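Below is one structure, written out as C-alpha cells, with a few remarks after it.
The values are calculated or read from the model by the stated rules, or taken from the named source; none is laboratory data. Note that the coordinates shown come from a computational prediction; the quantities given were computed from them, not determined experimentally. Because the Cβ atoms are built from the backbone with ideal geometry, glycine has one as well, and the counts that use them run over all protein chains shown. The protein model used for the area step is the full one, side chains on, heavy atoms only, and it has no ligands, DNA or RNA in it. Shrake-Rupley method; radii C 1.70, N 1.55, O 1.52, S 1.80 Å.
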Amino acid sequence: MSAESINIITIDFPDPDRTEIITDRIDGLAVRSSQNLVHILPEHALSNYQLQSNESFQFPVQNIQTLSSKGVERGDDPYGLLYIPALQTDECRNSEKDYVPKNATRLINLPYNAGYALIAVAPWFSSNCMKEYFLTARNEPVKAFIVYQPDPESTATPPKTNDQVWALNDGGSWQYSNQFPTYAVPGASGYLIASQMSNYSGNISTVPYGDSLSKQYPESDYIRLWAKVTADSGTQLPSLWVFLVIVLGLLILIIGATSLCMHFVQRRRRNSLRRRIINGEVDLEALGVKRLTVPADYLSKLPVFPYLGEPDHVEKSMAQASTSVDAETGLKGVPISRRSSAADAPPATHASAIFAQSTCPICLDDFEPKESQVRELPCRHIFHVDCIDPFLLNNSSLCPICKQSVLPPGYCPSRITNIMVRRERLISRRQAQEASGRSHSPGNIVARLPAAYDSIRARVGGVTGGRPSRTQPRTVDIEMSSGTYPAPPVGTISTATPAPEIVAVPQPTRQNGVEEYPEPPSDQPQQRREWTRQRALALLGNRYGLVEGESEEEEEQGRSRWRRGLNQIFPGFR
Amino acid sequence: MSASAKKRIMREYTECMKDTPAGMKINFDEQNMTKWEVLMDGPEGSVYAGGHFKLEIIFPNEYPFKPPVVSFRTKIYHPNVSNDDKGSMCLGLLRPDEWKPPNKVVAVLRLIQSLMVEPNIDDAIEPSIGNEYKENRKEFEKSAKDWVKRYAK
C-alpha cells in the first residue's frame, strides 16, 4: 500500500495531566489503561480539535514515495502527532542541527507518558543517524515514519525504495525491522514540516496566532501538528473469495465459450447435412440415418383415383393424374424429378402396370373397378388409400413393395437434429473404413463394424445397400406371387427412373435380384467364425431392434436427464 | 393392432385353411390372432422325416409392413434355426429390410418346409452346423436324425 497523500494539520488538545475531565472533553478518546493514560486520537474526533485554517498550519504533502508499507492494514491509515525522534549519539545530534530547527517538536514537547499515536519525521542525512532514528521510533508508539532527503529545493517525488539514497548498508533490512510504514516526501516539504514543527512545540502562547488561540483554549492545552496518511488500496492482493469468484467466472466463461463453439459447429454440421441432402449427396433413408415419413401435405399431392378396370378409362385417369402432378411439381418449384418423369411415361406402360396390380398388396383384397380409391406412388405401385396412407404417414417413406422412396430426391425433413448429424457422420465414417477395408482384406469388415453401427441400422431399419451380411443372390423361389404383384418391369424402371444422378443411393443390384456383398472370409477358420458370429448377431439384433425403439425421440428418451442436459450445453459431445 | 391388420391376418388364415401346405396344421385362436401355432411334419425325404415340429408365428403390430417372427418351439438341428430355447429363424424374406407386404404367411411356411429339405448354408445362423452340413454331411444327418428322435417325436 503506497501513500497517496499525507495531510498535515494543526490540532489543539488538552493536557491530560492537568485535566481531570478528560473523558468529558475528549469524549471517548482517552482510554484509561491499568497504569497509564493512553490517549489515542481517532480520525473522527479530529474535527473537534482541528484548528481553523486561517490561524494555523495546514499542509497537504504531495509527491510521496512509499519506501515501506509494513504494518499498514487496509482501511487503517496511519495517523498521529508529528515529532522528531531522539538520536543516541552526540555525533548525530551535532549533525542534525544542520537539518532540523533547534526547537522542533520532540517527544518531550508532547504530554508526558501519554502514549499518543505518533508519526516520526526525520531528515535522511546520514545512514548511521537514520538507523538511530529508526531505533528510537521502534520503541515508541510510532504509526508511520516520514523521511526526506536534505535538499531544501527538491519538490519532485523522491526516488524509489530500492534507490541507493535509501541504503542504510544493512541490505535493506531496516524495512523489515520497522513495524511501521516509511514514506519519503520531497526535501522542500520535509524542511517546511520541520520548520513548522519548531513553531508548534512550545505552549499555546508561543505558536503562531498564539494570542488569539490562547483566548479560545486553556493555557495548558497543547497545539501540535498532526498528520494523516491516506493510503490507496490498489496494490493489495485480492482476498481468497475474490480469487474464487474470478476462477468461477473464468470457468463459466470457458464453459460458455465451449458450449457456444460446439453449438456453432453442430449448427454448421446440420446445415451441411441439409445441403448435402438437398443436393442428393446423402440419402438419409438409404443410409439408415433416419426413417423418414411422408408429410401429410405431400402425401395429399400423390395421385388418388378410382381403380379403373378398362384400359381407356385408365389412360384417361392417368392423363388427369399426370397433369395434376405436373402442376403440383411446377408449383413447388421442384426441377424435373423422377416423379414427373414417371408421369411423362407412355400411358400404355401405366395401364399395363396398373392392370398387373389387381390386388392391394397390403390387405390382399382385390381392387373393385370404379369403386376402390387407389393411391399411386411414384414407383407406380398402387394401393388402397386407406391401406397405404397410415403407413406412409407414420412408418416409412418407402414403397412397401419396391422400397423406392416416395419422397422427391433432395427431400429434406424440416428438422435436422443433432442425432441425425451424429448418425450420418458415424455411418459415413464406417463406410469410409469399410471401403478401405474392402480394398485390403474384405474378410475383416464385419468384424470391424462396431455394434453401434448395427444398432443404428437396427433402430432405423432403413434399407441399406452396404450391409455386408448377404452372400448369395436373393432366392427367387421364395419371391412369391410374382405374377400377381409384379414390380414394374425392369425396362420400364430404367425409362421411368432416368435420373440416376439425383437418386443418391440407388440400389440397382437389388432391382435385378442380385446383391453385392463381400464374400465370407475363407482363409482362416478363426476369422470366419468371428464373421459368422457377428452376422448372426446383426441379423437377430436387427429383427428385434426393429420392433423396439426405432426413432430418435425414443433414443433421446432412453437417456438420463443429466445426459440430455449435458447434451443441451455441449451438443455433439458423447 | 389396427383393424386392417386383423382383417389381413384373418384373410391369410382363411387362405391358409383353403390351401394348407402338406403336412401342416395351423392352430389359430381368434382371441389372439397375432400368435399362430403351426405343427409341421418333417418333409418326406429329408433328415427330419418322421418328426413333428411346433412352430410359433407372431405377427408384429405393424404387420404386414413388418415381417412375422417365426420360431421353432421344438428343438431342431438345422443351420438356419438358432440352437437355443428361442429357436429363432432369420433369413430371406423374414428379414425386416427384405420383407414386403404382399408376402404371405403361407409363403413363409413353404419356405420353412423347403429349408428343411435343403438348408441355406450361406445364411446360417448356426455356422457350426452349417459347416458340418457342408463338409461332413453324414455327421450332420446323424445328429439331425438323433435330434428328431430325441425332441420331435
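Tally time: how many residues in region A:69-103 are more than 26 Å from A:Thr10 (Cβ to Cβ) and open to solvent by less than 10 Å² (accessible area, probe 1.4 Å)? The qualifying residues number 1. Applying the condition of being open to solvent by less than 20 Å² (accessible area, probe 1.4 Å) and assigned to a loop (DSSP other than H, G, I, E, B) to region B:75-89 and asking which residue is farthest from the other protein chains (Cβ to nearest Cβ) yields B:Ile76. Residues in region B:40-62 that are under 21 Å from B:Pro101 (Cα atoms) and surrounded by fewer than 22 Cβ atoms within 10 Å (Cβ to Cβ): B:Glu56, B:Ile57, B:Ile58, B:Pro60, B:Asn61, B:Glu62. If the requirement is being crowded, with 21+ Cβ neighbours inside 10 Å, among the aliphatic types (A, V, I, L, M) and in the same structural domain as A:Val61 (by TED's automatic domain parsing), which of these qualifies: A:Ala156, A:Ala167, A:Ala184? Among A:Ala156, A:Ala167, A:Ala184, only A:Ala184 is crowded, with 21+ Cβ neighbours inside 10 Å, among the aliphatic types (A, V, I, L, M) and in the same structural domain as A:Val61 (by TED's automatic domain parsing). Hey, any hits in region A:417-437 for a residue that's modelled with pLDDT of 80 or more and assigned to a loop (DSSP other than H, G, I, E, B)? Yes, there is a match, as at least one residue in region A:417-437 is modelled with pLDDT of 80 or more and assigned to a loop (DSSP other than H, G, I, E, B). Is there a residue being in contact with a Ser or Thr (Cβ under 6 Å, 6 or more places away or on another chain) and within 14 Å of chain A (Cβ to nearest Cβ) anywhere in region B:28-51? Scanning region B:28-51, I find no residue that is in contact with a Ser or Thr (Cβ under 6 Å, 6 or more places away or on another chain) and within 14 Å of chain A (Cβ to nearest Cβ), so the answer is no.
Quick check on region A:387-406: of everything there that is out of contact with any helix residue (DSSP H, G or I) (no Cβ under 7 Å at 6 or more places or on another chain) and either outside any loop (DSSP other than H, G, I, E, B) or more than 10 Å from chain B (Cβ to nearest Cβ) (or both), which residue is least open to solvent (accessible area, probe 1.4 Å)? Only one residue tops the list, namely A:Ile388. Against the conditions (1) within 14 Å of chain A (Cβ to nearest Cβ); (2) open to solvent by 40 Å² or more (accessible area, probe 1.4 Å); (3) of a type in the set (Lys, Arg), B:Arg8 satisfies every one except (2). Screening B:Lys100 against (1) free of Cβ contacts under 8 Å to residues at least 12 places away in the same chain; (2) surrounded by fewer than 18 Cβ atoms within 10 Å (Cβ to Cβ); (3) at the interface with chain A (Cβ under 8 Å from one of its Cβ atoms) leaves a single unmet condition, (2). Within region B:112-153, if we keep just the residues that are more than 21 Å from B:Val69 (Cα to Cα), among the polar types (S, T, N, Q) and within 12 Å of another protein chain (Cβ to nearest Cβ), the residue that is most open to solvent (accessible area, probe 1.4 Å) turns out to be B:Ser128. In region A:361-375, of all residues being more than 9 Å from chain B (Cβ to nearest Cβ) and either open to solvent by less than 10 Å² (accessible area, probe 1.4 Å) or assigned to a loop (DSSP other than H, G, I, E, B) (or both), the one that is nearest to A:Cys402 (Cα to Cα) corresponds to A:Val374. Restricting A:Gln196, A:Gln149 to those that are open to solvent by 20 Å² or more (accessible area, probe 1.4 Å), in contact with a Gly (Cβ under 9 Å, 6 or more places away or on another chain) and under 20 Å from A:Ile6 (Cβ atoms) reduces the list to A:Gln149. When region A:248-281 is filtered for residues that are among the small types (Gly, Ala, Ser) and touching a helix residue (DSSP H, G or I) at 6+ places or on another chain (Cβ under 7 Å), only A:Ser259 remains.
The number of residues in region B:9-59 that are within 12 Å of the chain's Cα centre (by Cα), outside any strand (DSSP E or B) and free of Cβ contacts under 8 Å to residues at least 24 places away in the same chain comes to 0. For the criterion of being part of a loop (DSSP other than H, G, I, E, B), farther than 22 Å from B:Asp19 by Cα and within 14 Å of chain A (Cβ to nearest Cβ), B:Lys66 passes.
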